[in-house]
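A.B. asks: Before we start, here is the structure in question, set down as structure tokens.
The values are calculated or read from the model by the stated rules, or taken from the named source; none is laboratory data. Just so it is clear, the structure is predicted and the values come from calculations on it, not from any experiment. Here the Cβ positions follow ideal geometry from the backbone for every residue, glycine too, while neighbour counts run over all protein chains shown.
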Ligand code: PEP
């Protein structure tokens, strides 16, 4: 039985003042839940997340990481720096990073490896665009994104990571994948991993992300291969995020 994880992705939202109330509320609320929970905040708010959440059930993390350990990479943040703020998680390969910042499968694989090497748990995001789904190549796209990481770090590395299936057409659009649509891709991912290592596949947490709300979380999380959610918009409203945690 895999423990469910609900991870918030604040994207580029927040302020010191607004975060304080949000973090305090989700920290209190999460204390009563069985599921694991976390928030991935913008870099400047890591110290605040650390200070409010330290010692609580809720973990925290970042939304991106450099593939390099240090050096002349202006504007980048190394995995070891995230560790200094006691991050547990870091998102890698979010579709916004892939689409808006040109992160290739190879770059994502390098970031995944850097995160693991530093002792972080990468949350590897994969997912197809609407055009790719309509072209019937969802499985091909997700497999390609996953295989790049397996080629770089080995399948056993997935045992120290989390996967998030996030159909691009469902992110921030209000158009959620149906539980069966999501389940089909989650099962495909697990089968793919099982082809190399059945034990890793059995233990792999695969989150669903894309317009998860309190009203649809329960039926998504009831699917056998959906092990929680990666939550964007709804993670910015404490009561919505907590209701999603309750559903998990
Ligand atoms: C996300 O940002 O990863 C996401 C799933 O966003 P939303 O929940 O708003 O669709």
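A.B. asks: I'm told residue 208 meets every condition in (1) within 17 Å of the chain's Cα centre (by Cα); (2) within 11 Å of the ligand (Cβ to nearest atom); (3) in a helix (DSSP H, G or I) except one. Can you identify the failing condition by its number?
C.D. replies: Going through (1) within 17 Å of the chain's Cα centre (by Cα); (2) within 11 Å of the ligand (Cβ to nearest atom); (3) in a helix (DSSP H, G or I) one by one, residue 208 breaks only (3).
A.B. asks: Here is a follow-up. Find the residue count for segment 218-237, including only residues that are part of a helix (DSSP H, G or I) and within 15 Å of the ligand (Cβ to nearest atom).
C.D. replies: Looking only at that region, the number is 6.
A.B. asks: Going by what's in this entry, would residue 215 be described as away from the ligand (no atom under 15 Å from the Cβ), at pLDDT 95 or above, assigned to a helix (DSSP H, G or I) and more than 18 Å from residue 9 (Cα to Cα)?
C.D. replies: No, not satisfied.
A.B. asks: For the list (1) in a helix (DSSP H, G or I); (2) touching a residue at least 12 places away in the same chain (Cβ under 8 Å), I need the number of the one condition that residue 131 fails.
C.D. replies: All conditions pass for residue 131, except number (2).
A.B. asks: Please indicate, with yes or no, whether at least one residue in segment 170-177 is surrounded by fewer than 18 Cβ atoms within 10 Å (Cβ to Cβ), on the phi > 0 side of the Ramachandran plot and within 12 Å of the ligand (Cβ to nearest atom).
C.D. replies: Yes, that holds for at least one residue.
A.B. asks: Just to be sure before I move on: is residue 95 out of contact with any strand residue (DSSP E or B) (no Cβ under 6 Å at 6 or more places or on another chain), over 26 Å from residue 181 (Cα atoms) and surrounded by 17 or more Cβ atoms within 10 Å (Cβ to Cβ) in the structure I sent?
C.D. replies: Answer is no for this residue.
A.B. asks: So, of the residues in segment 203-222 that are in contact (Cβ under 8 Å) with a residue 40 or more places away in the chain and surrounded by fewer than 17 Cβ atoms within 10 Å (Cβ to Cβ), which turns out to be nearest to residue 147 (Cα to Cα)?
C.D. replies: 203
A.B. asks: Taking the stated definitions as given, is residue 100 out of contact with any strand residue (DSSP E or B) (no Cβ under 9 Å at 6 or more places or on another chain), within 14 Å of the ligand (Cβ to nearest atom) and under 30 Å from residue 128 (Cβ atoms)?
C.D. replies: yes
A.B. asks: For residue 89, all conditions in the list (1) more than 16 Å from the ligand (Cβ to nearest atom); (2) under 18 Å from the mean Cα position of the chain (by Cα); (3) within 29 Å of residue 56 (Cβ to Cβ) hold save one; what is the number of the exception?
C.D. replies: Condition (1) is where residue 89 drops out.
A.B. asks: Residue by residue through segment 168-201, note down the ones that are over 19 Å from residue 213 (Cα atoms) and touching a residue at least 60 places away in the same chain (Cβ under 8 Å).
C.D. replies: Across segment 168-201, the qualifying residue is only 189.
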